[in-house]
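Visitor: What follows is a structure written as C-alpha cells; I'll ask about it next.
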C-alpha cells in the first residue's frame, strides 16, 4: 500500500514538473488571479448579451449594408437563414463540450451569440470593423518581409484569459513576451489596421475574448457575409477569394483534442494557395492553406472589394479641350452613355478592380470627326483613377500645283485623284491648281496620277504619279512638266581630230540604239529624250590606229531640258618599261639554296594608255650573258593584270631552287604587251631583254668552310687528346668564307670513326653531333669583310684578263653556237589564244601594286671568319679511337658547303687508352708470417693519363678464398688517394697501415690477398687492374704456430685474496713462458726464410 502511495506521489510530482515546463508560470498565476473575476464577468454578461448587441457599434454595419442593391440583399437574407440554421446545429454540438483546453489553444466555445434575425449582414470585414478597404492588406503587406509577425512563437490560449497573453507579436510584445495563437495574430492585425475588435469581444461570451477563434466565428457569422466550403480545393476553385480574407476552419469534434483554426488568405490570385497564420509548432508563418486539426467546414469572411473609375480627356489634334462629346461605356454587358464636360473631361462610375470596360465615342461636335483608330478601346480597371486620352483630328486640305520646267503654271492638265475609296477626275484651274477641302481626314492616303497634259508638253513618268498621307491642315503636291532634251556626242582622238565611223551603243527609254559617228565625229539625238532621261553610252568599236580607253569608253548622262553634250577621246599608246632584280631581302647577291625567293620589280609607265588597260608581262630568268636556261625546267612566267595608275611597279616573284648554283649568275628579261579591245589582239608595247644588264642580275655566292677539331680536358684546356670519360665536351672550329652578312646559317657536326669509316656511336648507340645556328656578322668571329659587288667585279676582271687574248675567237664561236643551238629559246610575245599563267605572289613578300618606285637595294657584305660548334660525347667505350669531325654548312635547310675528310688531321681528335700495372707488398714483402698488424702497399704504374689532371687511385684488397673484398671489423679493406701526374706516364703508391690480420685466418693457416686497383676521375673509371691470377697483385700471409697449452686443472677457481702460490710455482711458470717465446721467434724466422 505504501509502495502504491509513493508511486502516486512520484507521478504527481512528475506531472506538475512537466506542466510547469509546458505552461508559462505567468499564465498559471494570471489564471489563479482572474478565474473568479472571469466567471463573474461571464455570468453578468449572459443576460445582457441581447441588449449589448443592440447598443454595439456593429449596428453601423447594418446601416451601411442597406445601401447595397436589392439583389445582394436578397442573397444576404438567404445566407443569413442558412447561417441561423447552422448556428442551431453548432449550439447543439457546443453544449456537449467540457470546457477543457482544446488542441493547441485556438479557442474554447462559448454561448451562442444572439442577434435580431432581421439584422442585415455586413458586406465585408472592413465594413464590419469600421476601417478603410485597404487597411487589412496594408498592415499585412507592411510586414510580409520582416519579423514583426513572422516567426513569432506559437502560444496556445491554455488557461490564461488575458488577451495580451496571445496578442504579443515579435514587433510589439506584451509583458508576457512574444507569442501568439492563430486568433491572437488575426486580432492583432485587425487592431493595428484600425479595426475595433471590441465588436468581437462585446458580442461574444467565449473564453479569452479576442484570442478565441470561436468568438470570431460566432460574431462574424452573425454579422458579416460569409462563404462556406467543405474543402480547401473547393474554396480555391470557387475563384472568389480575395487577399486578406479571414479563413476559419470548423473542427471535426469527433476527433480527440479537436481545435478550430483561423488566419488570412494571402494569395496573389483567387486560386493561389497561400495562408498567413500562427501555427503550432512553427509559429507565425506564410504557408499553404492547412489546419492542425481535421475540419468539417470552412468559413470565408471576405476582405473589401477594390474599385476604380475612368478619367477620360477629350481633345482635338491641336490639343484644344472638346466639350459635349458622347461616349458609351460598357461593362459586364451593361452600357452607360456619358458626355465630356466644359473642360473635355469625363468621369465614369466606379467599377470593381479587374473589370474590363469598353469605351466608344458615339458623337462628336461640329467641325470634327470620329477617328475610328482611337475612338474606342478597352481598359482593365485598376484601383483609383484610370486615365484615357482621346483625340479628334481636323480635316486635311490638299493643293496640287502644276508647272512646267521653267516655272509656268499649266491650266487644263488632267489628274486622277483616289481617296476614301473613290476616284475623282479633275483638271488644273487657271492658276495650275487642284484643291480638295473638308473631305480628307487626318492620315488619309491620297493617290494622284497625271493622265493628260497640254500641247507642247509630255507626261514625265518619273513624277507623274504618287501618293501622300495627309495631315490636319494644309498639304501640297507639286508636279512639273519638263521640255524635251537634245544630246550631242563628239568623238575625237588625242590630237583633236574628229573620228568618223566609231560605233556606239546608246541606251535610253528602255531600248538600245547602235549608231556611228558621222564625218564630223558626231552623233545627235533630238526630240526623243525627256527631261531627266538617263542615257547610257558605250563605245563598241573604233577605227584603226586607235584604242578604246576602258576608263572613258562608257558612261551615262541624265539629260536636262535643252542641249546636252558628251565628249569622248581616243589616245594613242605609249609605255615605258624598266626593271630591277633582287631577292626577298632586297639583295642581288644571294645564297645557292632551296626556296630562294627572287623578285623582279618591273616599273611600267603607261605614259599614254587607257586606265585599267589590260596588260601581259612575260618574264624569264636565264643565265647572265648567254640567255641559257637555268635549272632543269623553264622559269618563264606570264602574268596578266590591269594598269591602275600612271606609273607602278609590277613584281614578278620566283621561288627558285638554287641548289648547286654556286658562283653562277642569272638575269631577268621582260616583254610587255597590251590587249587592244578594238582589234581584239595583243600588241607588244615595250621590251627589256638585255642579257648583261647588271640591274637585272642575281649573283649566287660560293661559301667555303674548313675545320679544326678540339676536346676540352678536365681543366677546360683545348686538346686533341681526351680521356675515355662518359661526358667529354669539345668543339669544332669552322673557318668560313663568303658568308652573307646578316643571313642565318647552320653548322652541323657529326663524329666519325676513322677506323670503321662510319658514324661513331656511344655505348647507348647514339651518334655524337653538334649544331649551332648563327647570324653571319653577329655571331662567331669575323676576320675580314668585303663588298660583294666589289669582290665579284674583281673576279670578273681577273677572268677577263685571262681570256683577253682569245676574245675575238671566242666571240665568233659563241655567235656560231648561238645561231645553231635550237634548244635555246628566245622570248617572243604570246598570242592571244595561248594559256596565261598567273603566278601567285607569296604572302610574306607580296608588295602593294600602288608602289611607284623601285625598292631600295641592300649592299651585301661577304664575311670571312670562324665559329665554334660545340659537342658533348660519351667516350667511355672509345679507348684508343681516332675520331673525325664532319662539318656541313647550310642555310634555309639547304647544304651549301661541307668538309668531310677522314684523313684530315685538323678535323681529327684521339681518345686516350690509359693502362695501369701494380706491385702488391705486405710489410715490404710478397709473403710474411704474422697474426698481428701489418702494412699493405700497392705500387701502381700508369700510362696515357692526362697530365696536370687530378685522379683518384683506389685499392681494394680481395680475399682469394671468397673472391670478395677483405672485411675487417665489418668494413672493406680499401684505400683511395688523389694524385696529379706531371706526365702521362708514372707511378703512384697506395698504403694501408696497421692492418690486423689475425681475424682473417679462421681455420686456415695461410691467406692470400689480391690488390684490385682502379684509376678514376670524378668517380668515373679511367683504368683498372683486377685479376685474381696476377701474381704481381698478390701477397701471402702465414699464421704463426701456437705454443703448447698449460696442464693446470681446468676447474681451478681464481683466488679472491691471499697468495696465488709458492715462489717455486712462479719460477716454473716463467720458464715455461720464456721457452714458448723462444720457439715462436725461431719458427717465425724459418717461415720468413721460406
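Visitor: Might you let me know whether the stretch 419-439 holds any residue that is touching a residue at least 40 places away in the same chain (Cβ under 8 Å), in contact with a strand residue (DSSP E or B) (Cβ under 9 Å, 6 or more places away or on another chain) and surrounded by 13 or more Cβ atoms within 10 Å (Cβ to Cβ)?
Guide: yes
A quick yes/no check of all residues on (1) assigned by TED's automatic domain parsing to the domain that holds residue 426; (2) in contact (Cβ under 8 Å) with a residue 40 or more places away in the chain; (3) in a loop (DSSP other than H, G, I, E, B):
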| site | (1), (2), (3) |
| --- | --- |
| 448 | yes, yes, no |
| 454 | yes, yes, yes |
| 463 | yes, no, yes |
| 471 | yes, yes, yes |
| 490 | no, yes, no |
| 496 | no, no, yes |
| 507 | no, no, no |
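Visitor: On the basis of being surrounded by 13 or more Cβ atoms within 10 Å (Cβ to Cβ), out of contact with any strand residue (DSSP E or B) (no Cβ under 6 Å at 6 or more places or on another chain) and without any contact (Cβ under 8 Å) to a residue 24 or more places away in the chain, does residue 518 make the cut?
Guide: The answer is yes for residue 518.
The rows are residues; the columns are (1) at pLDDT 90 or above; (2) more than 30 Å from residue 878 (Cα to Cα); (3) in contact with a strand residue (DSSP E or B) (Cβ under 6 Å, 6 or more places away or on another chain); (4) loosely packed, with under 10 Cβ neighbours inside 10 Å.
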| position | (1), (2), (3), (4) |
| --- | --- |
| 997 | no, yes, yes, no |
| 1000 | no, yes, yes, no |
| 1013 | yes, no, yes, no |
| 1032 | no, no, yes, no |
| 1059 | no, yes, no, yes |
| 1063 | no, yes, no, yes |
| 1079 | no, yes, no, no |
| 1087 | no, yes, yes, no |
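Visitor: Additional query: Do you know which residues across the stretch 931-959 are assigned to a loop (DSSP other than H, G, I, E, B), at pLDDT 90 or above and on the phi < 0 side of the Ramachandran plot?
Guide: 945, 946, 947, 949, 950 - these are the residues of the stretch 931-959 that are assigned to a loop (DSSP other than H, G, I, E, B), at pLDDT 90 or above and on the phi < 0 side of the Ramachandran plot.
Visitor: Which numbered condition trips up residue 315, out of (1) within 60 Å of the chain's Cα centre (by Cα); (2) under 20 Å from residue 123 (Cβ atoms)?
Guide: (2)
Visitor: In the stretch 969-1037, which strands (runs of 3 or more DSSP E) lie fully inside it and hold 3 or more residues that are over 26 Å from residue 713 (Cβ atoms) and in contact (Cβ under 8 Å) with a residue 24 or more places away in the chain? Give the derivation first.
Guide: Values: elements: 974-979, 986-996, 1006-1017, 1020-1025.
Passing ranges, in order: 986-996, 1006-1017.
Visitor: Quick one: residue 764 ticks every box in (1) touching a strand residue (DSSP E or B) at 6+ places or on another chain (Cβ under 8 Å); (2) modelled with pLDDT of 90 or more bar one, so which box is it?
Guide: Failed condition: (1).
Visitor: I need a count of the residues in the stretch 158-176 that are assigned to a loop (DSSP other than H, G, I, E, B) and either at pLDDT 95 or above or more than 15 Å from residue 284 (Cα to Cα) (or both).
Guide: 13
Visitor: Filter the stretch 525-548 down to the residues that are in contact with a strand residue (DSSP E or B) (Cβ under 7 Å, 6 or more places away or on another chain) and not in a strand (DSSP E or B), then identify the one that is surrounded by the fewest Cβ atoms within 10 Å (Cβ to Cβ).
Guide: Across the stretch 525-548, the extreme among qualifying residues is 532.
Visitor: Since residue 581 meets every condition but one in (1) under 25 Å from residue 739 (Cα atoms); (2) buried (at least 20 other Cβ atoms within 10 Å of the Cβ); (3) more than 48 Å from the chain's Cα centre (by Cα), which condition does it not meet?
Guide: (3) is the only condition that residue 581 fails.
Visitor: Return yes or no: is residue 920 in contact with a helix residue (DSSP H, G or I) (Cβ under 9 Å, 6 or more places away or on another chain) and surrounded by 16 or more Cβ atoms within 10 Å (Cβ to Cβ)?
Guide: Numbers: in contact with a helix residue (DSSP H, G or I) (Cβ under 9 Å, 6 or more places away or on another chain): yes; surrounded by 16 or more Cβ atoms within 10 Å (Cβ to Cβ): yes.
Taking the combined requirement at face value, the residue satisfies it.
Visitor: If you check 776, 832, which single one turns out to be under 60 Å from the mean Cα position of the chain (by Cα), at pLDDT below 70, surrounded by 10 or more Cβ atoms within 10 Å (Cβ to Cβ) and not assigned by TED's automatic domain parsing to the domain that holds residue 616?
Guide: Numbers: 776 fails: at pLDDT below 70.
Just a single option satisfies the conditions, and that option is 832.
Visitor: Right, next: So is residue 519 at pLDDT below 90, in a loop (DSSP other than H, G, I, E, B) and not assigned by TED's automatic domain parsing to the domain that holds residue 687 or not?
Guide: Against the criterion (at pLDDT below 90, in a loop (DSSP other than H, G, I, E, B) and not assigned by TED's automatic domain parsing to the domain that holds residue 687), residue 519 does not qualify.
Visitor: Out of the residues in the stretch 361-386 that are assigned to a strand (DSSP E or B) and within 57 Å of the chain's Cα centre (by Cα), which is nearest to residue 325 (Cα to Cα)? If you could, list the steps in order and put the result at the bottom.
Guide: Let us first name the residues in the stretch 361-386 that are assigned to a strand (DSSP E or B), namely 361-363, 376-380, 384-386.
When the remaining residues are screened for being within 57 Å of the chain's Cα centre (by Cα), the result is 376-380, 384-386.
Numbers: 376: 13, 377: 16, 378: 18, 379: 19, 380: 22, 384: 23, 385: 20, 386: 19 Å.
Going through the qualifying residues, I end up with 376.
Visitor: With the structure loaded, tell me whether residue 877 is closer than 22 Å to residue 731 by Cα and touching a helix residue (DSSP H, G or I) at 6+ places or on another chain (Cβ under 7 Å) or whether it fails that test.
Guide: no
Visitor: Of all residues in the stretch 755-776, which are within 29 Å of residue 891 (Cβ to Cβ) and assigned to a loop (DSSP other than H, G, I, E, B)?
Guide: Passing the criteria: 757, 760, 766, 768.
Visitor: Restricting to the stretch 569-596, give me the number of residues that are in contact with a helix residue (DSSP H, G or I) (Cβ under 9 Å, 6 or more places away or on another chain) and either at positive phi or at pLDDT below 85 (or both).
Guide: Adding up the residues that qualify gives 0.
Visitor: Just wondering, is there one or more residues in the stretch 252-263 that are within 24 Å of residue 133 (Cα to Cα), at pLDDT 95 or above, in a loop (DSSP other than H, G, I, E, B) and in contact with a helix residue (DSSP H, G or I) (Cβ under 6 Å, 6 or more places away or on another chain)?
Guide: Within the stretch 252-263 (the criterion being within 24 Å of residue 133 (Cα to Cα), at pLDDT 95 or above, in a loop (DSSP other than H, G, I, E, B) and in contact with a helix residue (DSSP H, G or I) (Cβ under 6 Å, 6 or more places away or on another chain)), the answer is no, since none of the residues qualifies.
Visitor: Can you pull out every residue in the stretch 322-336 that is more than 12 Å from residue 357 (Cβ to Cβ) and touching a strand residue (DSSP E or B) at 6+ places or on another chain (Cβ under 6 Å)?
Guide: Within the stretch 322-336, 322, 324, 325, 326 meet the criteria.
Visitor: Filter the stretch 318-349 for residues that are under 60 Å from the mean Cα position of the chain (by Cα), surrounded by 14 or more Cβ atoms within 10 Å (Cβ to Cβ) and in a loop (DSSP other than H, G, I, E, B) and give the result.
Guide: 348
Visitor: Turning to a different aspect of this structure: In the stretch 421-433, is there at least one residue being more than 30 Å from residue 552 (Cα to Cα), outside the structural domain of residue 522 (by TED's automatic domain parsing) and at pLDDT below 90?
Guide: yes
Visitor: I want to confirm something. Restricting to the stretch 549-568 and keeping residues that are modelled with pLDDT of 80 or more and either buried (at least 16 other Cβ atoms within 10 Å of the Cβ) or touching a helix residue (DSSP H, G or I) at 6+ places or on another chain (Cβ under 8 Å) (or both), which single residue is farthest from residue 457 (Cα to Cα)?
Guide: The selected residue is 553.
Visitor: All but one of (1) outside any loop (DSSP other than H, G, I, E, B); (2) within 30 Å of residue 700 (Cβ to Cβ) hold for residue 585; state the number of the condition that does not hold.
Guide: (1)
The values are calculated or read from the model by the stated rules, or taken from the named source; none is laboratory data. Worth saying up front: this structure is predicted, and the values here are computed from it rather than measured. FYI the Cβ positions are ideal-geometry reconstructions off the backbone, even for glycines, and counts take in every protein chain you see.
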